[in-house]
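Since every read-out is calculated from the coordinates, none of them should be taken as a lab result. Bear in mind that the values here come from a model prediction, so they are computed numbers and not experimental data. Glycine gets a Cβ as well: all are built from the backbone with ideal geometry, and neighbour counts include every protein chain shown.
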Amino acid sequence: MSNVSLDRVATQQTADPASCGSRFVRACLGRPVDRTPVWLLRQAGRYMPEYMAVRRHHTLLDICRTPEIAAEVTITAAERLGVDAAIIFADLLLPFTPMGLEFEFLAGEGPVVHRPVRTAEQVAALRTDRVEELQYVARAIERVAAHFRAPRADGDALGIIGFCGAPFTLASYMIEGGSSRNYIETKKMMYSDAVAWPLLMEKLVSVLAGFAAQQVEAGADVIQIFDSWAGALGVADYRQYVLPATRELVRRVQGLGVPVIYFGVDTTSLLPSMAETGADVIGLDWRVPLAEGWKAVGSTRAVQGNLDPITLFGPEDVLKARVREVLAEAAGRPGHIFNLGHGIVPGTPVENVIRVVEWVKEFGRHE
Ligand code: CP3
């Protein structure tokens, strides 16, 4: 644990005693806990009937932009599953609107940006001065924080997670115009425009740091930065084109006094470089055994992961064995947060999700 992290523990203790009563926050800071904390990526989503019931009456963006509904969806999922942290219901792409980029979610297709950013002029036109328009997320966090203010029956306070995208992953949606397989346009700009690419990274860092600050002020205990598609990059490209801006974003969010979780998928070869962002916690996917991933990011950092979300479709004995395996890989060392390696997918049996949480609580005790 670095001195900087220890300083933050001290700050949190004086500034917000509730956060330190949270085993989730303590684990993020690498401190000992009574048992391994657990929450799940996409814990509020289409696999859950309660979410689908809300979704029948509201679009995804309506839910995100209406604090009462976003808070309700967040709270319902956390309570139904009995997890140790609630991630605010929002979406990675929300900051596009105040930056001047129109987008929508099309059924079956995911997000679509109608006029993708392809030129230096378009990058120059992106706005960074309207972050205030994202305050609806902070209003939803305030509601979630008020709901979970009191400690639970076991004396532990639920952790509240705010989040934002990482510069590379958000740039990829801006430039490709949606999800992508080969990231051709993104890499073209990255390799060939020494003006546009750094300017885009800088603008994203500025907007995302402001957005994270609103969330922390509203009560988020931890910020998770999603670099879901960083795994598309080789190590040299990640280090040259992506690491500097990401490190700056992490530094600015940590300056708000909260730990940062930095998450990506298919990142086995990138893990040592991702640790150089300085994030307190690094997300691991299931392609790397947890102990090996932890070694790659260094023992001074915490890790989060790393059950394959598709094991949730498997039979009970296999699922249980895999949960035990993840915990055995962590070996009870301080600084492990149990999670999936990526989000719960639609169609996942809810009872299996609940079982996994129960098993972690049972098998993850540290006496
Ligand atoms: O419970 C939670 O995890 C919080 C909710 C959450 C959503 N999006 C709501 C959502 C979170 C954390 C996100 C982050 C997000 N958004 C990411 C990073 C997470 C990851 O999976 O790596 C990304 C890449 C996005 C962008 C995005 N939003 C895509 C690609 C899609 C389409 C995916 C699909 O399967 O169709 C979305 C839509 C979206 N965001 C849904 C939810 C619950 C599903 C669509 C819906 O309800 O209509």
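In angstrom, the C-alpha Rg and Dmax of the chain are 19.3, 59.
Can you bin the stretch 199-250 into rounded, prolate or oblate? Criterion: square roots of the alpha carbon gyration tensor eigenvalues sorted a ≥ b ≥ c, rounded for a/c under 1.5, prolate for a/b above b/c, oblate for the rest. It is prolate, given that a/c is not under 1.5 and a/b is the larger ratio. When DSSP beta bridges are restricted to pairs lying wholly in the stretch 3-363, around 15% turn out antiparallel. Taking GluC sites (Glu not before Pro) across the stretch 46-120, the ones in a DSSP loop with at most 13 further Cβ atoms lying within 10 angstrom of their Cβ are Glu102, Glu109.
Residues Tyr262, Tyr136, arranged from fewest to most other Cβ atoms within 10 angstrom of their Cβ, appear as Tyr136, Tyr262.
Along its three principal directions, the equivalent ellipsoid of the stretch 142-279 from the Cα gyration tensor extends over semi-axes of 30, 15, 13 Å, largest first.
Using the alpha carbons alone, the radius of gyration of the stretch 324-367 stands to its Kirkwood radius in an Rg to Rh ratio of 1.00. The angle between the Cα long axis of helix 350-363 and the longest principal axis of the Cα atoms of the chain comes to about 60 degrees, rounded to the nearest 10.
Just check the stretch 65-150 against the gyration tensor rule for me: Cα atoms, a ≥ b ≥ c as the square roots of the eigenvalues, rounded for a/c under 1.5, and otherwise prolate or oblate depending on whether a/b exceeds b/c. Prolate, since a/c reaches 1.5 and a/b exceeds b/c.
Using only the alpha-carbon atoms, how far is helix 67-81 inclined from the longest principal axis of the chain? Give it as 0 to 90 degrees, nearest 10. Between the helix axis and the principal axis of the chain, the angle is about 40 degrees. Need one word for the stretch 101-176: rounded, prolate or oblate. Basis is the Cα gyration tensor (sqrt eigenvalues a ≥ b ≥ c); a/c below 1.5 gives rounded, then a/b vs b/c decides. It is prolate, given that a/c is not under 1.5 and a/b is the larger ratio. Pairwise Cα distances in the stretch 255-308 exceed 13 Å for 50 percent of all pairs.
For the chain, the longest principal axis of the C-alpha atoms and the axis of helix 167-176 are separated by about 50°. Across the chain, the mean sequence separation of Cα contacts (distance under 8 Å, 6 or more residues apart), normalised by length, yields a relative contact order of 23 percent. In terms of surrounding Cβ atoms within a 10 Å radius of their Cβ, Asp280, Asp308 rank from fewest to most as Asp308, Asp280.
How about the stretch 22-70: which trypsin sites (Lys or Arg not before Pro) there lie in a loop by DSSP and see at most 16 other Cβ atoms within 10 Å?
Here the sparse-neighbourhood loop sites are Arg46, Arg56.
Springs join every pair of Cα atoms under 10 Å in this Gaussian network model of the chain, and among Ser192, Ser299, Ser22 the largest mean-square fluctuation is at Ser192.
Sorting 336-345, 319-328 by their mean Cβ neighbour count within 10 Å, with the most densely packed peptide first, gives 336-345, 319-328. A simple charge model with +1 on the Cβ of Lys and Arg, -1 on the Cβ of Asp and Glu and nothing else charged puts the dipole of the stretch 3-363 at about 320 debye relative to its Cα centre.
A DSSP coil position with no more than 10 other Cβ atoms inside 10 Å describes the following trypsin sites (Lys or Arg not before Pro) in the stretch 156-241: Arg181. From most to least packed by mean Cβ count within 10 Å, the peptides 240-248, 113-121 give 240-248, 113-121.
The Cα-based radius of gyration and maximum Cα-Cα distance (Dmax) for the stretch 201-297 are 13.2, 38 Å.
Arranged from fewest to most other beta-carbon atoms within 10 Å of their beta carbon, Cys164, Cys64 become Cys64, Cys164.
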